[in-house]
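The values are calculated or read from the model by the stated rules, or taken from the named source; none is laboratory data. In this text, all values refer to a predicted model and were calculated from it rather than measured experimentally. Because the Cβ atoms are built from the backbone with ideal geometry, glycine has one as well, and the counts that use them run over all protein chains shown.
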Amino acid sequence: MGSSTSSPMQGAVPCGGSIFVEGLMPEPPKPNATSRVHVSSALDALLKSLARASSSPPSAPAEARAGRYERGEEIGRGGMGAVERVFDHVLLRSVAMKTMLFPAQGPEADRFVEEAQITGQLDHPNIVPVYELGSTEQDRAFFTMKLVSGQTLGELIRKLHAEGFSSEGLEQLVAALVKVCEAVSFAHSRGVIHRDLKPANIMVGTYGQVYVMDWGLGLVRSGVSAAAGAAVETTRAPARVEPGIAGTVSYMAPEQARGRLDLIDERTDVFGLGAILYELITSRPPYEGLDFETCLAAACEAQVTPPQHFCQHPIPPSLCEIALRAMQLDPERRHPSADAFGADLAAFLRGGGWFATLQVKDGEIVVQQGDPAEAAYVIVEGQCSVFREREGRRTVLRTLGPGDVFGETALLSARPRTASVKAIGNVTLKLITAEAFERELGRSTWLAALVEQLAGRFVELDQARSAEDDSV
C-alpha cells in the first residue's frame, strides 16, 4: 500500500515493488538545521494544531481525544507505512489506518502528509476517501480512510487466468478498468499524476466498487488550470519534489525510468493504464523475471513483448492494440489522455473487440476465387472490387465501401470462395474468424439464435444462386 525508499545498489528491490530512488539524478544540497525545520513545517503545524485541540474542552466523547481507534490486524505494508484495520469508537465503524513506520521527520514525513492531502482532495467515486490526518503518541503521522472489502485487481486477474480466461470475466475486469480511467482522468483535471498505477493499487469491492489507491507518489503539477474544478494544493512546495526514479519498475513509463521529472505528464499515467491492461490479458506485467538493472533498462526503452507471445488462449486483438498503443516509447504516440484510453475500452465492451484489424495495400488480393473460405471481412476505410473469373474472362460484380461485408459464407459453411476481392487504394479491414464471431455472439443467446436462423436461410439462398450461375 505504501511507497518504499531503496537504493538500486542494494540489489534487493523487486521489479514489482514501488520505489523512490534518489541519487540517480544530480543530488540536491543536503539540508542544514534551518532547512530541516522547513522540511517538516507542514507536519509541525499539524502537530501543534492537534495539541491545541487536545488541550481545549472536548466537544465529543472522550474516545475522540484518546483511545478513539481500536487497532486490528495489519492488511498492508510498504516502505514508509503500514495499513491496519481499526475500529473508530466515535463513529462506530471500521476504517483503514495508514501509519508511518518511523517518527515523523524529514522529506519522508512530508511525502506521507502530502499523500493524505492529495487523496483527501480528490473527491471522486472511484478514489478512496480520506477521513482524518493526525499523529500518534509516538510522533508518527497517520491518516484514516475508507476500509474497502474486496480484492485487488491483481488478485482478480490471477483468478481470471486460473479459471480459463472466460469472455464474461474478461469483460467485467475491462469494465472495472474503465472506472479506473475515470478516476485517473479526474485526478489529471485537478493537476495530479498518480505515477504508480498497477493492479495491486486498484481495489474492487465486494459489490463491484472500484477504487484507485495509494497516491503516495502522486505528483502535483504547478500551473494547472482550475477550469474543471479546484486544483489540488498541498503544504509541500512543488519545487521541493525530490528528483530521481519513482514508481514500480515492472509498469514504469520510459520517462519515469529515466528519472525525467520534467517529461512526466498525463501520458505517463496512460502508460500505466496500458501496463495494467497488458497484465489483464497476459497475467504478467510488461517487465518481469529480470533483475532490477535489466528491468529498469527495458523500461527506459519501453521494450514490451507483444502480449500474443505469452498467451496460451485466444485474446481479443483490439485489447492488444489498445495496450501496445498506450505503452509506446514516444508519449506523442500514446493515447492523449486517460479519457481516450477509456473510450477505446468502452468501444471494446460495445462489441467487435474480438475482430482483428488488417491494413491492405492498393491492388492486394484479399480473397481469391476458389480458395478455402476461412474468414469474413468488414471494410472500415477504403474500397474493394469484387470480381469473378470464368474461362479467362474477368467480370467485375460490384465495388464495396466502408461498412460493407464480404466473405461472410466462411462463417456458415466450408465452401470455396466464389469470387475474388481486391483492394482499391489502401484499405482497413476487420477480420472476422468463425471463433471470434462465436465469441461476439456469445454475449447474447437471443441474438445468437436469431443469427443462426438467418444464416441457415442465407446458405440456402446462396446455394440456389450459385446453381443458377453455373447453369448459365
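Quick one: would you say D362 is touching a residue at least 12 places away in the same chain (Cβ under 8 Å), part of a loop (DSSP other than H, G, I, E, B) and touching a strand residue (DSSP E or B) at 6+ places or on another chain (Cβ under 7 Å)? The answer is yes for D362. Taken over region 365-384, the residue count meeting the criterion of being of a type in the set (V, I, T) and either outside the structural domain of E440 (by TED's automatic domain parsing) or in contact (Cβ under 8 Å) with a residue 60 or more places away in the chain (or both) is 1. Would you mind stating whether D123 is part of a loop (DSSP other than H, G, I, E, B), more than 19 Å from the chain's Cα centre (by Cα) and closer than 26 Å to S222 by Cα? So D123 passes the test. Only one of the numbered conditions (1) on the phi < 0 side of the Ramachandran plot; (2) surrounded by fewer than 13 Cβ atoms within 10 Å (Cβ to Cβ); (3) more than 22 Å from the chain's Cα centre (by Cα) is not met by F292, and that is (2).
Among the residues of region 364-391, the one identified as farther than 17 Å from R417 by Cα and of a type in the set (G, A, S) is G382. Within region 132-166, the set of residues being among the basic types (K, R) and under 18 Å from the mean Cα position of the chain (by Cα) comprises R158, K159. Taken as a whole, the condition of being part of a helix (DSSP H, G or I) and crowded, with 18+ Cβ neighbours inside 10 Å does not apply to L133.
Scanning region 289-348 for residues that are within 25 Å of K430 (Cβ to Cβ), out of contact with any Lys or Arg (no Cβ under 8 Å at 6 or more places or on another chain), modelled with pLDDT of 90 or more and of a type in the set (A, V, I, L, M) yields V304, L319, I322, A323, L324, A340, A343, L345, A346, A347. Anything in region 246-265 that is surrounded by fewer than 23 Cβ atoms within 10 Å (Cβ to Cβ) and either touching a His at 6+ places or on another chain (Cβ under 9 Å) or β-branched (V, I, T) (or both)? List them, or say none. Matches in region 246-265: I264, D265. Filtering region 380-397 for residues that are of a type in the set (G, A, S), in a loop (DSSP other than H, G, I, E, B), at pLDDT below 95 and on the phi < 0 side of the Ramachandran plot leaves an empty set.
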